[in-house]
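See structure below.
The values are calculated or read from the model by the stated rules, or taken from the named source; none is laboratory data. In this text, all values refer to a predicted model and were calculated from it rather than measured experimentally. Because the Cβ atoms are built from the backbone with ideal geometry, glycine has one as well, and the counts that use them run over all protein chains shown. Quick note on the areas: whole protein, heavy atoms, side chains included, nothing else; ligands and nucleic acids left out. Shrake-Rupley method; radii C 1.70, N 1.55, O 1.52, S 1.80 Å.
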Amino acid sequence: MAHEHILIVEDEEDIVELIRYNLVKNGFKVTAALTGDEGLARARALLPDLILLDLMLPGQDGLEICQALRRDDRTAAIPVVMLTAKAEESDIITGLELGADDYVTKPFSPKVLIARVRSVLRRKRQAPAKSEEAIRVKDIVINPGRHEVLAGGKPVELTFSELRVLHLLAGRPGWVFNRDQIVIAVHGEGYPVTDRAVDVQIVGLRKKLGARARYIETVRGVGYRFQEQA
Ligand code: CA
């Protein structure tokens, strides 16, 4: 996989140059954008293999860009690694909720950044194709490829992560998944997400499912499962 194309969206030019230098040295092809709007336009036009996305940007910020990328079919599957000066858990959780694959906290060492980029690209290549399969269970249809969920025939708006969690659970009704398995299914292995982040996603998912929230059962001390088919 030589010359994978990385898009850097970052407004600080010295950081852009530091990243560019190290990526090029490691055999990557690099394009840079200095604003969020330019980054989004480049992502749509170039369809890079991975996007390094700064959180604090003029105009649309990193979280808005991440959301826009995930909502567009053409860019929904491009891995995103957030660059954040803020180590606060809330920003990181929000970013992951919006579908970012990993994050690096500034200041970072180029070696660590390259390692993260490689690991995210590797993870994406190994992602099983069956995670894109549409499934129907009870009166719910989940189509990850189209980022679409229908409950009783009506569309339900889910975040990228919520859809992944629902797809995992509903793929094996009655089967209990612990929080680690849920995190891996959503983001891949080696991911520093807290149990609480999984619980937050379940809460959001149940709220959006309304009366069908009961389909997702809590198994105390273990995790969650989708209610077995009657
Ligand atoms: Ca910035």
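In the set 53, 18, only one residue is aliphatic (A, V, I, L, M), within 21 Å of residue 109 (Cα to Cα), within 13 Å of the ligand (Cβ to nearest atom) and assigned by TED's automatic domain parsing to the domain that holds residue 74; that residue is 53.
Of all residues in the range 78-119, those being in contact (Cβ under 8 Å) with a residue 40 or more places away in the chain, within 16 Å of the ligand (Cβ to nearest atom) and open to solvent by 30 Å² or more (accessible area, probe 1.4 Å) number 1.
Here residue 123 passes the criteria (1) modelled with pLDDT of 85 or more; (2) crowded, with 17+ Cβ neighbours inside 10 Å except the one numbered (1). For residue 157, the conditions (1) in a helix (DSSP H, G or I); (2) out of contact with any Leu (no Cβ under 8 Å at 6 or more places or on another chain); (3) closer than 25 Å to residue 74 by Cα are fulfilled apart from (1).
Scanning the range 142-157 for residues that are in contact (Cβ under 8 Å) with a residue 40 or more places away in the chain and either among the basic types (Lys, Arg) or open to solvent by 30 Å² or more (accessible area, probe 1.4 Å) (or both) returns 146, 147, 152, 157. Checked against (1) open to solvent by less than 50 Å² (accessible area, probe 1.4 Å); (2) at pLDDT 85 or above; (3) in a helix (DSSP H, G or I), residue 174 passes all but condition (3).
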